[in-house]
Amino acid sequence: FDFCQAEGKKRPSENLGQVLFGERIEPSPYRFTFNKEETCKSVCTKTYDTTKPEDKQKLDFLKKSMLLNYQHHWIVDNMPVTWCYDVEDNQRFCNPGFPIGCYITEDGRPKDACVINSEFHEKDTFYIFNHIDIKIYYHVVENEALGARLVAAKLEPKSYKHTHPDNPDCSGVPMDISNKANGEVKIAYTYSISFHEEKNIRWASRWDYILESMPHTHIQWFSIMNSLVIVLFLSGMVAMIMLRTLHKDIARYNQMDSTEDAQEEFGWKLVHGDIFRPPRKGMLLSVFLGSGTQILIMTFVTLFFACLGFLSPANRGALMTCAVVLWVLLGTPAGYVAARFYKSFGGEKWKTNVLLTSFLCPGIVFADFFIMNLILWGEGSSAAIPFGTLVAILALWFCISVPLTFIGAYFGFKKNAIEHPVRTNQIPRQIPEQSFYTKPLPGIIMGGILPFGCIFIQLFFILNSIWSHQMYYMFGFLFLVFIILVITCSEATILLCYFHLCAEDYHWQWRSFLTSGFTAVYFLIYAIHYFFSKLQITGTASTILYFGYTMIMVLIFFLFTG
């Protein structure tokens, strides 16, 4: 964008999480000193001559961004500078950004932010917010030599057509750019700043006013109740089956006199000779289980830290940094779990197993990420990740994660294979004709619905925070939902597994992984619905990016739930 640039200042350094999320912080040309008030200070003036093609292109880019309601995000002392305004039923809403400008349509309807001022009334015209009133609230620290601390920063965007750009007075008509305007367009950027002492806000709680105006924590309790009801229902079912049915079955087997009634076995008892037959594609299943364990522990630890408040939104990029570092360090459990399962499936090719565990799932994620980065780079976006960071991520993966996976696998293969309580028969048993709901596909599709029902309200808030730049801070809720999700996945799978073992179908390994893993497919469908109903994304590059990043999330979620 062609706004005022800060001359010769270094860019602030970012941590890994910020770089990965594409949060680039630029130095600002708006300079001020503490308690020195400024009124209508000029920053710079930009002149566009619409007869020159490069000037016209810059101006058109500015117009397009106003039409799409692009936002400025400003930071002072690590606090977002917010624009607070009244919304319906006397609520104040604080937006951590403010629009570049706004547009009045050809039939005189104001769009987006144009409703704030009745002076914006010209048809088919853009109004640019070129003057900013900044208010900084500070809290004087008593009995310390520190002086004052900034507790809030608020602004009001205004639009003025300055008659003398060199000596601005900040009054008069708004700065309008007619859509059909030709000739020269001059935009003078100015700002005013005032300081106010605020005794009531402590420095520690200075984020609260943003969070208070955030939407609706009460939906959250509703969704948690909804999830808990599902969990209770499932737990009841599982407990009933485990206690009543299994108890009855086992009691009946124990009463049997082994000679006469042994022919009349039924249900799950019939498949005892085949239940531990190694699954088809056991290699892939063990690799998925290893990667899934890695992701499960990573998510648990990250959310636990976030709950304790280490990873609040005030700590920019901390969440992503924490997740990546944990993922890298958790190579050992991945290798161990994959090796244990692969050995118990009777596998011999342990080298292939270790290599696949280290490279298959991370490789898919990295390849996807790399392609997205190429698209961003081709579009000249500031969110593209610098080459150095890519090398750093590869180094983390190859030099730390992979060796740790090898160590884990070494211990996994050294241990004896998991002992099975029954011998497997030489000849596989024939599986009888299955009814509709014990066939593999319907069972798997049904299994994903319940876990998805637990999470989909949280999912909405998470997608909002990723794509619509809203703060996400409800980690306590998220941790609760995470625990509920783990329980629901396990219980739904146990139930469906019991049903098809009773129907004498002993292929349970892949089915139990896919039953809860199918939640990821519902996640994908929801993400597609969110894309079409909530986001106004235009252009092929943006669409590919949205779905590229969504596929990464879906893969991680699939491994985690499975």
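The table below gives the values:
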read-out: Residue match in segment 334-344 (condition: hydroxyl-bearing (S, T, Y), open to solvent by less than 40 Å² (accessible area, probe 1.4 Å) and under 25 Å from I25 (Cβ atoms)); value: no
read-out: Residues that are loosely packed, with under 14 Cβ neighbours inside 10 Å and out of contact with any helix residue (DSSP H, G or I) (no Cβ under 7 Å at 6 or more places or on another chain), drawn from segment 371-402; value: L374, G378, G380, S382, P386, F387, G388, V391, L394, A395, F398, C399
read-out: Selected residue (criterion: most open to solvent (accessible area, probe 1.4 Å)) from residues of segment 267-310 that are of a type in the set (V, I, T) and touching a helix residue (DSSP H, G or I) at 6+ places or on another chain (Cβ under 7 Å); value: I297
read-out: Tally of residues being at pLDDT 75 or above, within 17 Å of F499 (Cα to Cα) and part of a helix (DSSP H, G or I) across segment 250-281; value: 5
read-out: Among (1) open to solvent by less than 50 Å² (accessible area, probe 1.4 Å); (2) without any contact (Cβ under 8 Å) to a residue 40 or more places away in the chain - the single one P421 does not satisfy; value: (1)
read-out: Per-region count, segment 217-235, residues at pLDDT below 75, farther than 11 Å from F477 by Cβ and hydrophobic (A, V, I, L, M, F, W, C); value: 0
read-out: Qualifying helices (runs of 4 or more DSSP H) (wholly inside segment 339-414; at least 3 residues being farther than 26 Å from V554 by Cα); value: 402-414
read-out: Matching residues in segment 118-158 - criterion: being of a type in the set (D, E, K, R), part of a loop (DSSP other than H, G, I, E, B) and in contact with a strand residue (DSSP E or B) (Cβ under 9 Å, 6 or more places away or on another chain); value: E119, E122, K123, D124
read-out: So T515, is it more than 19 Å from F300 (Cβ to Cβ), of a type in the set (V, I, T) and in contact with a Ser or Thr (Cβ under 6 Å, 6 or more places away or on another chain); value: yes
read-out: Of all residues making up segment 179-197, the number that are within 22 Å of C4 (Cα to Cα) and either surrounded by fewer than 18 Cβ atoms within 10 Å (Cβ to Cβ) or polar (S, T, N, Q) (or both); value: 6
read-out: Answer from I483, I449 - the residue that is part of a helix (DSSP H, G or I) and either farther than 27 Å from P279 by Cα or not β-branched (V, I, T) (or both); value: I483
read-out: Those residues of segment 539-552 which are open to solvent by 50 Å² or more (accessible area, probe 1.4 Å) and touching a residue at least 60 places away in the same chain (Cβ under 8 Å), in sequence order; value: I544, Y549, M551
read-out: Test result for T45, in contact with a helix residue (DSSP H, G or I) (Cβ under 6 Å, 6 or more places away or on another chain), over 23 Å from R206 (Cα atoms) and not assigned by the TED database to the domain that holds W467; value: no
read-out: Residue in segment 350-360 that is in contact with a Phe, Trp or Tyr (Cβ under 7 Å, 6 or more places away or on another chain), modelled with pLDDT under 95, farther than 21 Å from A409 by Cβ and open to solvent by 40 Å² or more (accessible area, probe 1.4 Å) present; value: no
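Conditions (1) of a type outside the set (S, T, N, Q); (2) open to solvent by 60 Å² or more (accessible area, probe 1.4 Å), marked per residue:
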residue: H507; (1), (2): yes, yes
residue: F531; (1), (2): yes, no
residue: Q536; (1), (2): no, yes
residue: V554; (1), (2): yes, no
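The values are calculated or read from the model by the stated rules, or taken from the named source; none is laboratory data. Remember, predicted model here, so these are calculated numbers, not experimental data. A quick note on method: Cβ atoms are made from the backbone with ideal geometry, for glycine too, and the neighbour counts reach across all protein chains shown. Quick note on the areas: whole protein, heavy atoms, side chains included, nothing else; ligands and nucleic acids left out. Shrake-Rupley method; radii C 1.70, N 1.55, O 1.52, S 1.80 Å.
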